[in-house]
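**Student:** Just passing along the structure, written as structure tokens.
The values are calculated or read from the model by the stated rules, or taken from the named source; none is laboratory data. Note that the structure is a prediction, hence the values are computed from the model and not measured. Glycine also receives a Cβ, built like all others from the backbone with ideal geometry; neighbour counts cover every protein chain displayed.
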Amino acid sequence: MSEIEDRAASDADLGRRSGWLWGSHAPLGLALLLPSLLIDQAHKWWMIHVYDIAARQPVRITSFFDLVFVKNTGISYGMLSQDGHGGQWALAGFAVLTSLGLWIWLVRGTIGPLVVASLGLIIGGALGNALDRLILGGVADFFHFHAFGWSWYVFNIADVAIVAGVLGLLYDSFRPNRNDAAKGS
């Protein structure tokens with residue numbers, strides 16, 4: 001068999017072994033999804049129930065960084081604030097459906113390890129924030145950077161995972177070999 005026929009046979013075998021929700025990339029995706037989700041949830045539980053950040057806030061760590069407790073009932077920057085349970089369930093449902101779509105891309109796509117890792121981080125972060133919406137009625141945020149009259153929005157570990165994943169996807173999209181493949185070169 002030629003190299004092309006060998007590759008086609010290998011791809012066909014992979015297709016038989018892979019389903020819609022599990023494939024060869026799933027272990028790596030799960031290896032980043034689960035820790036980002038679990039670390040985020042453990043940190044939130046500790047900050048709220050053990051450290052009792054709500055009673056202590058703001059906790060000044062440096063002149064430009066504080067620990068605070070903010071329950072974000074909207075999306076980024078508090079946009080689309082949803083105070084009722086129905087709104088929080090709708091936002092959580094959207095996060096779960098989006099995560100499912102990203103997971104299918106992760107397991108079914110012809111993608112490299114950086115994209116798999118990035119998607120795992122994004123899904124873990126999105127599910128962590130979705131759990132907050134269902135349990136707390138909003139996303140628990142704690143980290144607040146500020147300096148020289150400038151204030152960044154308050155965020156959490158799940159948000160860090162999401163941003164890291166998006167940065168990984170952006171980096172991958174600018175890699176020369178990726179651009180050549182997309183152009184058909």
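**Student:** Mind checking which residues of region 28-78 are without any contact (Cβ under 8 Å) to a residue 12 or more places away in the chain and among the aliphatic types (A, V, I, L, M)?
**Tutor:** Scanning region 28-78 gives Leu38, Ala42, Val50, Ala55, Val59, Ile61.
**Student:** In addition: Among the numbered criteria (1) closer than 18 Å to Gln41 by Cα; (2) surrounded by 15 or more Cβ atoms within 10 Å (Cβ to Cβ), which one does Trp103 miss?
**Tutor:** (1)
**Student:** Moving on. I need the full set of residues from region 92-121 which are over 19 Å from Ser173 (Cβ atoms), β-branched (Val, Ile, Thr) and more than 13 Å from the chain's Cα centre (by Cα), in order please.
**Tutor:** Listed by number, the residues that qualify are Ile104, Val107.
**Student:** Right, another one. Pairs under 6 Å by beta carbon, first residue farther than 17 Å from Val59 by Cβ in region 140-154, partner at pLDDT below 95 and not charged (D, E, K, R), six or more apart or different chains?
**Tutor:** Tyr153/Tyr77
**Student:** Let me spell it out: the conditions are (1) crowded, with 16+ Cβ neighbours inside 10 Å; (2) modelled with pLDDT of 95 or more; (3) among the hydrophobic types (A, V, I, L, M, F, W, C), and Phe64 meets all of them except one. Which number is the exception?
**Tutor:** (1)
**Student:** Among the numbered criteria (1) of a type outside the set (S, T, N, Q); (2) at pLDDT 95 or above; (3) over 16 Å from Leu21 (Cβ atoms), which one does Leu80 miss?
**Tutor:** (2)
**Student:** Okay, next question. Does Ser36 fit the bill of being of a type in the set (S, T, N, Q) and surrounded by fewer than 12 Cβ atoms within 10 Å (Cβ to Cβ)?
**Tutor:** No.
**Student:** Another one. Name the residues in region 39-61 that are of a type in the set (Phe, Trp, Tyr) and exposed (fewer than 14 other Cβ atoms within 10 Å of the Cβ), would you?
**Tutor:** If the condition is that a residue be of a type in the set (Phe, Trp, Tyr) and exposed (fewer than 14 other Cβ atoms within 10 Å of the Cβ), then Trp45, Trp46 are the ones that fit.
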